[in-house]
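Taken together, the values in this text are just the output of simple stated rules run on the coordinates, not laboratory data. Bear in mind that the values here come from a model prediction, so they are computed numbers and not experimental data. Note that each Cβ is placed from the backbone with ideal geometry, even for glycine, and that neighbours are counted across all protein chains shown.
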Amino acid sequence: MTYASAPDEAVFCVDKLLQYMGQDEKALKTVVKIVRDGIGPGVEPLNLAGEAIRDAKFMEARRILHNLRGSIGNLGAKRFVAASLALELALQEGRIVEIPLLFTALEGELKLVHDHAGAWLDQHSGRAAVR
């Protein structure tokens with residue numbers, strides 16, 4: 001299965017994380033914090049990776065993407081993880097022609113994660129706390 005054909009649950013799903021943590025009020029508070037921390041930096045890490053790519057600093061871009069993949073991956077964002085891995089691999093292998101399309105796909109996946117995570121936060125913790 002490619003990331004583009006993955007089901008919507010693969011965009012963002014913290015159900016397993018909640019279940020693993022005990023699925024109680026304490027677990028919910030912890031997961032809310034994890035989600036906030038995961039999406040807190042917004043698109044800034046991706047922008048930094050884009051700058052590194054423009055400067056042909058592919059190793060630096062891969063490091064940034066790897067870190068971003070780790071934090072967003074904790075949110076059950078399988079589609080984002082797959083898109084990030086595809087871009088990281090293209091950078092590693094020097095497939096320059098594919099990089100713009102893969103980067104655009106990754107931007108779209110990150111936006112979806114932020115949208116779904118934001119909606120989840122609204123549902124589970126209200127808008128009182130800053131996303």
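Residues of region 6-33 that are among the charged types (D, E, K, R), more than 22 Å from Ala83 (Cα to Cα) and either in contact with a His (Cβ under 8 Å, 6 or more places away or on another chain) or assigned to a helix (DSSP H, G or I) (or both): Glu25, Lys26, Lys29, Lys33. Filtering region 85-108 to residues that are β-branched (Val, Ile, Thr) and within 14 Å of the chain's Cα centre (by Cα) leaves only Thr104. Among the residues making up region 32-52, those that are closer than 19 Å to Gln123 by Cβ and touching a residue at least 60 places away in the same chain (Cβ under 8 Å) are Val32, Val35, Arg36, Gly38, Ile39, Gly40.
Considering Ala49, Ala83, Ala56, which residue is among the small types (Gly, Ala, Ser), surrounded by 14 or more Cβ atoms within 10 Å (Cβ to Cβ) and more than 21 Å from Gly118 (Cα to Cα)?
Ala49
When region 79-118 is filtered for residues that are closer than 15 Å to Val35 by Cα and basic (Lys, Arg), only Lys111 remains.
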